[in-house]
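Report on one structure; see the data block that follows.
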Amino acid sequence: AGLMLQAAASQSTPKVVPVSSLLEWGEAGELATGAAAAPGVLSDIFARVGGPDFDRSIGVDVVLRIHSNHVVGDNLWIWRADHAFLDPDEGPQKDPQNSLVPLKDRVPKGSEYYLTAMGDYPAKVGVHVKGDFVTIYGLAVEHFTQDNTVWEGEAGRVYFYQNELPYDVDQENFGDKHYAGYRVASKVQRHEAQGVGVYSYFRDFQCLVRSGFVAPSTDGVRFTNVFTRFLNGEPGIEHVLNDQGNAVMGFSDPMSRLPTSIEGPGPTVAPRRQGMSLWKLMLATAIIGISLGWLSSFFFVRWQARQRGALIDAS
């Protein structure tokens, strides 16, 4: 069975904590917990900030923090709302670009949903991994207002990652602060990510992000099939990983992909086995045919000779 977590307003005096979160796996500072033979497992977790709430101030610092070593995650979707229910007591939502007109005039979906605007549902980071040997299969982290995923543990592995950057940010609050969709801390020596993508839809303001992925440029940190994609809105993302990869700035250049993060020439391709040409095949067929014909004639002549000898002996 899966589990849904949702940020909500406190009904009592809130406990003061350094970092608010929806799920803490392990205890802060206790990295030695966990064992390779018996890893902790997070499976089918959906956590959200905003969506059904009319109170747009509901928020959290970090949705999921993993402190323990040797943790396996499977199918995790960590979501800050990009849209929410319309409040029937509110009038038409105003356009952040021009408060004199309704947002639905520019974005038709605004007639069906409340579209999250800057300052709504404050949530900084989706996933923060501090433990070592954490592996996640299928991770989606969307719309957080700082680095969407932060990985500080060693020997982390991710197989499939989907990230949409927040729709409602601007250059000053997001682009100029060099936030990314996925960040591996500079101290990390070993990390692996395969099939990972960061998407952009800056709906309300111009926001140019330097790179979708940020990670140390070391041999032990490797990305395979990593890409960025422009979905809609204002451009865009300048690079895929650090300073590698082309910009995605609009519908004319919507996607940039790196097969691998290792720079330089790829591995030498083994020479292909040469197939037999048509004339060689015809020649070989002819030789085989002649050989078979000769052998057939040879054995037929010998058979005839034996038959004659048998008749002579009989007479």
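The values are calculated or read from the model by the stated rules, or taken from the named source; none is laboratory data. These numbers come from a predicted model, not from an experiment. Neighbour counts run over all protein chains shown; Cβ positions are idealised from the backbone, glycine included. Please note that ligands, DNA and RNA were not included when accessible areas were found on the heavy atoms of the full protein model with its side chains. Shrake-Rupley method; radii C 1.70, N 1.55, O 1.52, S 1.80 Å.
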| message | Which condition from (1) of a type outside the set (D, E, K, R); (2) surrounded by 15 or more Cβ atoms within 10 Å (Cβ to Cβ); (3) within 23 Å of the chain's Cα centre (by Cα) is the one that Gly2 breaks? | response | (2)
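For every residue, the table says whether it meets (1) modelled with pLDDT under 95; (2) closer than 26 Å to Leu139 by Cα.
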{"residue": "Pro52", "(1), (2)": "yes, yes"}
{"residue": "Val60", "(1), (2)": "no, yes"}
{"residue": "Leu64", "(1), (2)": "no, yes"}
{"residue": "Val72", "(1), (2)": "no, yes"}
{"residue": "Trp79", "(1), (2)": "no, yes"}
{"residue": "Gly91", "(1), (2)": "yes, no"}
{"residue": "Leu103", "(1), (2)": "no, no"}
{"residue": "Arg106", "(1), (2)": "no, no"}
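Determine, yes or no, whether Thr135 is in contact with a Phe, Trp or Tyr (Cβ under 6 Å, 6 or more places away or on another chain), under 25 Å from Ile66 (Cβ atoms) and of a type in the set (S, T, N, Q).
no
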| Filtering the range 230-262 down to residues that are within 20 Å of the chain's Cα centre (by Cα) and acidic (Asp, Glu), which residue is modelled with the lowest pLDDT? | Asp253
| remark: Among the residues of the range 115-147, the number that are of a type in the set (A, V, I, L, M) and either open to solvent by 40 Å² or more (accessible area, probe 1.4 Å) or on the phi > 0 side of the Ramachandran plot (or both) is 1
| field | Long-range neighbours under 8 Å by Cβ, at least six apart or interchain, first residue over 18 Å from Leu64 (Cα atoms) within the range 1-22, second at pLDDT 85 or above and open to solvent by 90 Å² or more (accessible area, probe 1.4 Å) | value | none
| Restricting the range 126-180 to residues that are in contact (Cβ under 8 Å) with a residue 40 or more places away in the chain and small (Gly, Ala, Ser), the residue that is farthest from Phe46 (Cα to Cα) | Gly153
| In the range 99-123, which residues are part of a helix (DSSP H, G or I) and over 15 Å from Tyr201 (Cβ atoms)? | Lys104, Asp105, Ser111
| query | Residues that are open to solvent by 10 Å² or more (accessible area, probe 1.4 Å), in contact with a Pro (Cβ under 8 Å, 6 or more places away or on another chain) and on the phi > 0 side of the Ramachandran plot: which strands (runs of 3 or more DSSP E) entirely in the range 148-245 hold 1 or more of them? | reply | 221-233
